[in-house]
Amino acid sequence: MNLLIKLRKSMMLFVKIMIVVAATAGFTETWNVSYVESLFSNRGNYVVIFSYILIFSVFSSLYGAFNIGVYRIHEIIYSFSLAVVFTNIIMYLELSLIARNLVRVMPLLISVVYQIAAVALCAMCANVIYFKLYAARKVVAIFGDDAAGFELIKKMSRIADRFHIESGLNANQSSMEQIKKQIDKYEAVVICDIDKNMQKEIISYCYTKQKRAYLLPDITDIIIDNSYGIQISDTPVLMSRNRGLTPEQRAVKRIMDIVLSLIGIVLTSPIMLVCAVAIKINDGGPVFFKQNRITKGGKIFNILKFRSMIVDADKDGAKKAVNDDDRITKVGRVIRACRVDELPQLFNILKGDMSMVGPRPERIENVYEYTNAYPEFELRHRVKAGLTGFAQLYGKYNTTPEDKLNMDLTYIETYTLLQDIKLLILTFKILFMKESTEGFDESANKNVKSSSSKKETEEIK
């Protein structure tokens with residue numbers, strides 16, 4: 001067993017290769033049997049096989065399918081399934097190009113079913129192997145705020161296969177000597193919301209003791225993490241430009257927005273027509289829902305969405321949607337689950353109020369509320385609001401404003417055109433994931449409210 005532990009990275013690499021081989025074998029068999037007209041008589045066949053391996057590996061990496069042990073098994077299978085589907089779509093076009101004619105679709109559709117089954121079986125086996133080789137780490141949590149610490153412990157405890165949170169320690173009520181003694185007992189440390197000087201000392205101690213450390217970043221950490229290392233004489237210096245997107249990046253991003261929004265409007269027009277008719281038949285009310293939102297530079301614009309709630313849902317004041325909200329119509333539940341209600345925003349993008357990728361456009365009252373609690377929240381407005389983005393992909397409706405802010409700033413600080421393309425591809429992954437469409441959770445906002453109330457009290461004083 002000790003030998004297996006030493007070779008566990010190599011073993012997991014081998015398992016991942018086997019998953020790629022299983023998917024490729026399924027395609028190759030179908031190709032040889034059902035698409036003879038697309039076969040080469042020489043080494044050209046190797047190019048086709050290589051292209052399948054490459055495309056499948058790229059999609060699997062983009063969707064995080066290879067993150068076995070990090071994501072839950074159903075998400076791993078879902079990611080591999082998406083990779084199989086998109087790879088086979090591209091390979092269908094490639095085979096048709098070779099045959100110089102559109103080949104039959106049915107054999108490849110049947111192959112997709114078998115490939116997904118084979119890949120799912122391999123992924124489940126890989127998941128079992130991973131947790132046999134990588135036991136859950138025993139972790140101590142060190143935090144400065146009890147509420148934030150307990151929330152983090154709760155999240156990590158849901159992934160019991162990876163983390164065993166065996167102890168929690170409030171840094172404000174413990175000496176550094178006590179903290180170090182606790183660290184010595186565990187394999188890893190998670191650090192949340194503590195004094196910077198104390199954080200520095202704990203991280204240095206963990207480095208000395210070769211203990212794994214998990215750190216929840218704040219705004220400063222994100223900016224520093226994405227700074228540039230330069231040399232001034234014999235002194236290394238970190239430089240942060242802090243200027244957002246360059247003029248060239250903004251121009252390329254706008255061109256991409258115009259092209260993709262036009263393509264999106266044309267391709268989804270049948271879906272939008274069906275939605276409009278369904279909404280009108282359901283209750284006879286207006287098809288579209290308009291609401292003031294904030295985008296780049298604090299500009300206010302009217303966001304356009306398909307109406308998913310009853311008419312005058314906010315007549316008693318604006319309320320965030322929650323799970324099992326009785327204001328949501330029958331049609332609304334379907335279009336919200338599939339994210340179809342967001343499609344009219346393609347017109348906002350074409351107009352220039354929004355971008356394909358960027359921070360989620362928030363309501364005016366939300367921006368005021370969140371900015372009061374987190375003054376850095378306004379930094380999100382360095383770029384246009386987006387249809388999709390880091391927070392939309394990796395967060396939920398009930399993700400805390402602070403976590404959304406951190407994700408949005410990470411996007412702004414690491415922006416590249418390739419990253420935008422990657423995030424657009426990743427958007428397909430969340431369309432049918434229930435977790436990403438959960439209703440608003442009041443607990444996610446309680447820290448904001450308490451912070452706001454505290455500031456208001458201080459102002460009164």
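The values are calculated or read from the model by the stated rules, or taken from the named source; none is laboratory data. The shown structure was predicted, so the numbers you read here are calculated from the model rather than taken from an experiment. Quick reminder, even Gly has a Cβ in these numbers, built from the backbone with ideal geometry, and neighbours come from all protein chains shown. For the accessible areas, the whole protein counts, side chains as well, though only heavy atoms, and no ligand, DNA or RNA atoms are used. Shrake-Rupley method; radii C 1.70, N 1.55, O 1.52, S 1.80 Å.
Points worth noting:
- Residues of region 393-432 classified as part of a loop (DSSP other than H, G, I, E, B) and either open to solvent by 20 Å² or more (accessible area, probe 1.4 Å) or hydroxyl-bearing (Ser, Thr, Tyr) (or both), total: 10
- For region 105-133, the set of residues classified as of a type in the set (Phe, Trp, Tyr) and open to solvent by 80 Å² or more (accessible area, probe 1.4 Å) consists of 114 only.
- Residue, nearest to the chain's Cα centre (by Cα), within region 157-188, restricted to residues that are aliphatic (A, V, I, L, M) and at pLDDT below 80: 159
- Positions within region 272-295 being open to solvent by less than 80 Å² (accessible area, probe 1.4 Å) and in a helix (DSSP H, G or I), in sequence order: 272, 275, 276, 277, 278, 279, 282, 283
- When each of 171, 213 is tested for being open to solvent by 30 Å² or more (accessible area, probe 1.4 Å) and either at positive phi or among the aliphatic types (A, V, I, L, M) (or both), the lone residue that passes is 213.
- Filter result for the condition that a residue is open to solvent by 20 Å² or more (accessible area, probe 1.4 Å), in contact (Cβ under 8 Å) with a residue 12 or more places away in the chain and among the β-branched types (Val, Ile, Thr), over 183, 179, 153: 153
- Applying the condition of being of a type in the set (D, E, K, R) and in contact with a Phe, Trp or Tyr (Cβ under 9 Å, 6 or more places away or on another chain) to region 134-150 and asking which residue is most open to solvent (accessible area, probe 1.4 Å) yields 138.
- Of all residues making up region 160-190, the number that are in a loop (DSSP other than H, G, I, E, B) and within 17 Å of residue 216 (Cα to Cα): 0
- Residue check for residue 382: open to solvent by 60 Å² or more (accessible area, probe 1.4 Å), under 16 Å from residue 302 (Cα atoms) and not hydrophobic (A, V, I, L, M, F, W, C): no
- Residue 199 falls short on exactly one of the conditions (1) open to solvent by less than 70 Å² (accessible area, probe 1.4 Å); (2) touching a His at 6+ places or on another chain (Cβ under 8 Å), and that condition is (2).
- For the condition at pLDDT below 85, under 25 Å from residue 145 (Cβ atoms), hydroxyl-bearing (Ser, Thr, Tyr) and part of a helix (DSSP H, G or I), residue 436 does not qualify.
- Candidates 226, 242: the one that is polar (S, T, N, Q), within 20 Å of residue 419 (Cα to Cα) and loosely packed, with under 15 Cβ neighbours inside 10 Å is 242.
- Checking each residue in region 72-115 for being under 29 Å from the mean Cα position of the chain (by Cα) and among the β-branched types (Val, Ile, Thr) picks out 73, 76, 77, 84, 85, 87, 89, 90, 112, 113.
- Boolean, residue 349 is modelled with pLDDT of 95 or more, open to solvent by less than 60 Å² (accessible area, probe 1.4 Å) and of a type in the set (A, V, I, L, M, F, W, C): yes
- Listed by first and then second residue, the pairs linking a residue in region 96-121 that is in contact (Cβ under 8 Å) with a residue 40 or more places away in the chain and assigned to a helix (DSSP H, G or I) to a residue that is among the hydrophobic types (A, V, I, L, M, F, W, C) and open to solvent by 100 Å² or more (accessible area, probe 1.4 Å), with Cβ atoms under 7 Å apart and 6 or more places separating them unless they lie on different chains, are 96/102.
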